[in-house]
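Data first, discussion second: the structure below is written as structure tokens.
The values are calculated or read from the model by the stated rules, or taken from the named source; none is laboratory data. Computed from a prediction, not measured in an experiment: that's the story for all the values here. Quick reminder, even Gly has a Cβ in these numbers, built from the backbone with ideal geometry, and neighbours come from all protein chains shown.
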Amino acid sequence: MSKTKIVGQSVHRKDAARKVTGRILHVGNIEMPGLLQVAVLRSPYPHARIIGIQKSRAEAMEGVVLVLTGAEIAAMPDVDPYFGPAFKDQPILAIDRVLHVGDPVVAVVAVDRRRAEDALELIEVDYEPLPVVLDVLEAAKSGSPLVHQEFKPAGVFADLDHMEAGEKSNVCYHFKLRTGDVEAAFREADRIFEDTFTSPPAQHMPMEPHVTLVYLDEDEKVNVWTATQSPSFVRTQLSTTLGLPMNRIRVRVPYLGGGYGAKLYGKLEPLVALLALETRRPVRYALSREEEFQTITKHGAVARLKTAVKDGVITGRRCEVFFDTGAYADIGPRIVHKSGYTSAGPYRIPNVRIDSFCVYTNKPPAGAFRGFGVPQVIWAYESQMDIISRELDIDPVQFRMHHALEEGEPFATGTPVHSFGLKESLEQAAEAIEWSGPRPQNNATKVRGKGIASGVKAVLTPSISGAVVMMNSDGSVNVLSSTVEMGQGSDTVLAQIAAEELGVCFDQVHLVQPDTDVTPYDTITAGSRSTYHMGNAVRMASMKIKAQLFGVAARALEANLEDLVARDGRIFVSGSQESGMSMRDVFLAKFGSLGTTIIGEAIFEPRAIPTDPETGRSEKCTEYWFPSASAAEVEVDLETGQVKVVKFLSVGDTGTAINPRHCHQQLLGAAITQLGMTLFEEMVFEEGQLLNGSLLDYQIPSVKDLPEHFESILVEVPHETGPFGAKGVGETGTLTVSPAIANAIEDATGVRIRDLPITPEKILRGLAEKDPKPGRAEVPQ
Amino acid sequence: MKSFSNVNPKTLQETVFLLKEALQGGESVAVAGGGSDLLGMIKEERVAPDVLVNLKNLESLRGIEESTDGVRIGGLVTMDELSRHPLIRSRYTVLAEAAGSVATPQIRNVGTVAGNVCQRPWCWYYREGFPCFKNGGDRCFSIVGENQFNAILGGGPSFIVHPSDTAPALMALEARFRIVGPDQERWVPALEFFILPEEDVSRENVLGQDEILAEIQLPQVEAGTQSTYEKVMDREAWTHAVVSVAMSLQIRGGICRKARVVLGGVAPIPWHLPGVEQMLEGNRVAAELAGRAGKAAVAGAGGLSNNAYKIPLTEALVRRTVLSLGA
């Protein structure tokens, strides 16, 4: 294969100049005559029955246009009052019950936000409190209060078509994997390790909170401008919700101020679309930061691992993982499925039993979060890998290397792994942290240690990406794609792929922003899938254009097709660039007219073999894997419990890097996200009410909290069907951060932390338990 | 959000007159300095004033001036100004460091010293609107709740901690506050400004509703005095102290002549430690003394279910700070 010209180059982001000069379009910036604003009255109870709502005083207030309740929505003909990507379990507004503090109850539409909010105070809702279940383990027990009485599968995604109505329980999905005989492994083991690891609910904290604007155009068509990562899904959802044909709904997405999984599937869109239809005016709803916490969260999880070891080798592992999906399942079942089958790790373990549960509680709904549940299970298995190797006195890196799967070996599901740079990532991480070097120096009160972790996530399969590529007669190109540019750099990478394939300059390629009237279906912009899936679709569509161009050029140049090359906006016989044709010449030769276009379209839809519902096994459970490794050096202050990450390396197998700088930025950005999850972030609840729902009290990392020495390393193991060998990289950097830091902390202090986040409080407690010093101030119980 | 009227008085006299008039008319009042905390509290309905008195036009409350008595700091001086002022940095280091540790650059640009000193608590239960003592309710939710940041000293019936960084520094510097009311003005030592919940659970200081903390007077610093502010935070920026120590030591010939030690983040008010000061004064500053000072600092401290870690943390921080100033 000839060397690529644009692919592999760290070209500058397409949107950089517009972003840094504040000229980029966001939904919040769109102005429209007569635009109305929304405020929503939310439940103060974690679980209650709605007895009655008095709203006439709010309706009478000047400036208020509409006050709408869930019961009114439920009575609307043709409107489906429930929505959701896995189950139709979420009402647009609460109908008869509220299921979490912050559940939307009444919507007010007014001429401005202030009046809409003031009107909320004039609404009275009578509630009858109902039994509440908040703890995920309690909720999973039979006999616990039920959050939902019935399951209604949504039936929109192929990978979730095995979802079915179960018996009455808060467990809305149970993934099982059975390989070998795990009980026999425990019977024959020399050593058995049992540990429980927890991750708390957390929030995505996109810079731009959710925002949706809906208006009816001159044709009464429902036009939606929304900050979503899944425009195609939103259109499907609205079609179902409103009972309208899909072509009567147009969903457009400008640039997102970050997504991280928060902006997937339907969120505000069903409500705002209804409000626009009811008022016949443009309506915008923009969430406050406080509402953002009540709208979508990261799953809290409890992971119990039991591991059998014989002769220094892991022979069996049982994983039980409980994911707290909150009051509505959102995409929880998919998270439990996809993370479920990786729960035992990317290791050669002959006997594995996994049970992973998606559990309803009376907390805000949990959905996708950068890593789709996998960071929670890696937190467990990579913490335990270190516990075991320390206990057995085996070097933690060697212990992992010994068990790491290699090309072609079967994963726990039975799927042979391909393009699996796990060992390479581990080696690179170990080398960069000077793993075999001397121990870092301690001083009297500050101790240092090193830690390492590895792990893997699989891409969501099956999923679908469609692209249309249109070349204009001047050689410029429009790429029509529903991939959402949310900061990850998809516009740039897709343009690089199109430019490379068509032989035009990068600057000649323009990405048309997602618009369901224009851009074809794409499953979601999430899960590290766009470079591979949309990249392949764009490349295939570009190939179709190139075939037409070459057909014309071959006749005009009297050349063989296979001798032709497209490069720098010209088509020529290999080796004689001067005598070739410009794109303009080719278009003139084909059409005899300028202003003409050639269109290529393609749909890329890799398939999977569904995992067996009883054994979790599949010969192909995923299209590709992305291994990750992290290495950390920490300094722990023994007297304050403060952890300073002195050095951090984020290593990822990205496949061929289309844009190496972007890949580095993704690995580092993702590591920062997970650094927050590791050291600071936790949603703290009191009886279902969030206590720290503000940007001051809910602490995300500041720039001062970043490691002094902070680098990323790309391991490029090409994927045979990736575009130019590329895979995804969006989530890779999140996967292994937390256990690498916890392992380094144990290395430094001897204290093993099993519950995230790793706060000074936990470190000081751990130190006190490990080494209760006489004379130390009494720690009362 | 409730409607309120906003007034921008031009003089201190006008300000306190407006406050008195509003209160006599049965209206509730709030005073805005920088407004960085107050506006959020109004939007979240923690406070719902009828009249908001904005001090932004009171030029007399600005500026830092040196005099023979020491330094005068206007109540509207911002955290940023304090943290950068050469005189404050060199002679009243603890105050510059405390002001520089507050929140973020944006907040330090607008937040005032009087506002920082009079800041309301940041206990989660209070800010989330639970019916706690500070919200006019009848209990402290932290006692059996999420109390990892709550008081280990001076608590009861409320276990809030005072959030101010500059208040412990001003106490350690023996500052005096000029308080202006409609009928009188008075000078109150910073060390006597704050009141415990057991005395009055509804407020944190002696300031009347119709009074303004107009200016702060710092005394001259005696030769050989050094001061510093040490603050432990969960993250490195934009958060309150888990524990902080404001300390000023006058050391001559290795002997501590005078000590002022005040803790932040551990009690419902900035926590003055006269016992520790006496222990330090007259003695040679060394590891042994620092260790005893640390222990004495937490004598009588008691933890709730999740905040006992703050006791050894405070002990260590006091010990370290003594040693760092004695070095």
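List of remarks:
- Qualifying residue in the range B:28-36 (condition: farther than 23 Å from B:Glu185 by Cβ and either of a type outside the set (S, T, N, Q) or within 14 Å of another protein chain (Cβ to nearest Cβ) (or both)): yes
- Entirely in the range A:258-372, the helices (runs of 4 or more DSSP H) that have 1 or more residues that are under 16 Å from A:Phe83 (Cβ atoms) and of a type in the set (Ser, Thr, Tyr): A:289-295
- Of all residues in the range A:380-405, those being assigned to a loop (DSSP other than H, G, I, E, B) and of a type in the set (A, V, I, L, M) number 3.
- For the range B:226-238, the set of residues classified as in contact with a helix residue (DSSP H, G or I) (Cβ under 6 Å, 6 or more places away or on another chain), within 14 Å of chain A (Cβ to nearest Cβ) and touching a residue at least 60 places away in the same chain (Cβ under 8 Å) consists of B:Glu230, B:Ala237, listed by residue number.
- Check on B:Val51, crowded, with 19+ Cβ neighbours inside 10 Å and not assigned by TED's automatic domain parsing to the domain that holds B:Gln209: yes
- Checked against (1) part of a loop (DSSP other than H, G, I, E, B); (2) surrounded by 24 or more Cβ atoms within 10 Å (Cβ to Cβ), A:Val377 meets all criteria but (1).
- Considering (1) within 12 Å of another protein chain (Cβ to nearest Cβ); (2) farther than 25 Å from A:Gly766 by Cβ, the lone condition that B:Val285 does not fulfil carries the number (1).
- One residue from A:Thr673, A:Thr749 being farther than 29 Å from A:Pro46 by Cβ and polar (S, T, N, Q): A:Thr749
- Restricting the range A:682-724 to residues that are aromatic (Phe, Trp, Tyr) and in a strand (DSSP E or B), the residue that is farthest from the other protein chains (Cβ to nearest Cβ) is A:Phe710.
- Test: residue in the range A:577-591 that is without any contact (Cβ under 8 Å) to a residue 60 or more places away in the chain, more than 26 Å from A:Leu480 (Cβ to Cβ) and of a type in the set (Val, Ile, Thr): no
- The condition of being aliphatic (A, V, I, L, M) and over 26 Å from A:Leu213 (Cβ atoms) holds for only one of A:Val156, A:Val133, A:Val108, that being A:Val133.
- Pick from the range B:200-241, criterion small (Gly, Ala, Ser) and assigned to a loop (DSSP other than H, G, I, E, B), ranking: surrounded by the most Cβ atoms within 10 Å (Cβ to Cβ): B:Ala241
- For the range B:239-250, taking the residues that are touching a helix residue (DSSP H, G or I) at 6+ places or on another chain (Cβ under 6 Å) and not polar (S, T, N, Q), the one that is nearest to the other protein chains (Cβ to nearest Cβ) is identified as B:Val243.
- Members of the range B:88-141 found to be of a type in the set (Ser, Thr, Tyr) and under 26 Å from B:Ser227 (Cα atoms), listed by number: B:Ser90, B:Tyr92, B:Thr93, B:Ser101, B:Thr104, B:Thr112
- Leading residue by the ranking (surrounded by the fewest Cβ atoms within 10 Å (Cβ to Cβ)) among those in the range B:140-161 that are small (Gly, Ala, Ser) and within 11 Å of another protein chain (Cβ to nearest Cβ): B:Gly145
To keep it simple, each residue is scored yes or no on (1) assigned to a loop (DSSP other than H, G, I, E, B); (2) modelled with pLDDT of 95 or more.
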| residue | (1), (2) |
| --- | --- |
| A:Ser419 | yes, yes |
| A:Glu424 | no, yes |
| A:Gln428 | no, yes |
| A:Arg439 | yes, no |
| A:Val456 | no, yes |
| A:Gly466 | no, yes |
| A:Thr483 | yes, yes |
| A:Ile497 | no, yes |
| A:Val504 | yes, yes |
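- Within the range A:641-657, the only residue that satisfies the criterion of being of a type in the set (Ser, Thr, Tyr) and part of a strand (DSSP E or B) is A:Ser650.
- Meets criteria (away from every other protein chain (no Cβ under 14 Å), part of a loop (DSSP other than H, G, I, E, B) and surrounded by 24 or more Cβ atoms within 10 Å (Cβ to Cβ)) for A:Gly728: yes
- Residues satisfying the stated conditions in the range A:574-595, i.e. part of a helix (DSSP H, G or I) and under 17 Å from A:Ala547 (Cβ atoms): A:Met583, A:Val586, A:Phe587, A:Ala589, A:Lys590, A:Phe591
- On inspection, A:Asp653 fails the criterion of being closer than 30 Å to A:Glu720 by Cα, surrounded by fewer than 18 Cβ atoms within 10 Å (Cβ to Cβ), more than 14 Å from chain B (Cβ to nearest Cβ) and touching a residue at least 12 places away in the same chain (Cβ under 8 Å).
- Every pair of residues 6+ apart whose Cβ atoms lie under 6 Å, when the first sits in the range B:38-64 and is in contact (Cβ under 8 Å) with a residue 24 or more places away in the chain while the second is among the aromatic types (Phe, Trp, Tyr): B:Pro49/B:Phe4; B:Asp50/B:Phe4; B:Leu52/B:Phe4
For (1) surrounded by fewer than 23 Cβ atoms within 10 Å (Cβ to Cβ); (2) more than 21 Å from A:Ala262 (Cβ to Cβ), each residue gets a yes or a no:
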{"position": "A:Gln54", "(1), (2)": "yes, yes"}
{"position": "A:Glu59", "(1), (2)": "yes, yes"}
{"position": "A:Val67", "(1), (2)": "no, yes"}
{"position": "A:Gly70", "(1), (2)": "no, yes"}
{"position": "A:Val79", "(1), (2)": "yes, yes"}
{"position": "A:Pro91", "(1), (2)": "no, no"}
{"position": "A:Asp96", "(1), (2)": "yes, yes"}
{"position": "A:Gly102", "(1), (2)": "no, no"}
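- Residue selected from the range A:25-38 under the condition assigned to a loop (DSSP other than H, G, I, E, B) and under 28 Å from the mean Cα position of the chain (by Cα), by the criterion nearest to A:Leu120 (Cα to Cα): A:Ile30
- Number of the exception - A:Ile192 against (1) more than 24 Å from A:Ala39 (Cα to Cα); (2) in a helix (DSSP H, G or I): (2)
- Condition check for B:Thr321: more than 10 Å from chain A (Cβ to nearest Cβ), surrounded by fewer than 22 Cβ atoms within 10 Å (Cβ to Cβ) and at pLDDT 95 or above: no
- Residues that are in a helix (DSSP H, G or I), touching a residue at least 60 places away in the same chain (Cβ under 8 Å) and under 22 Å from B:Gly111 (Cα atoms) do not occur anywhere in the range B:140-150.
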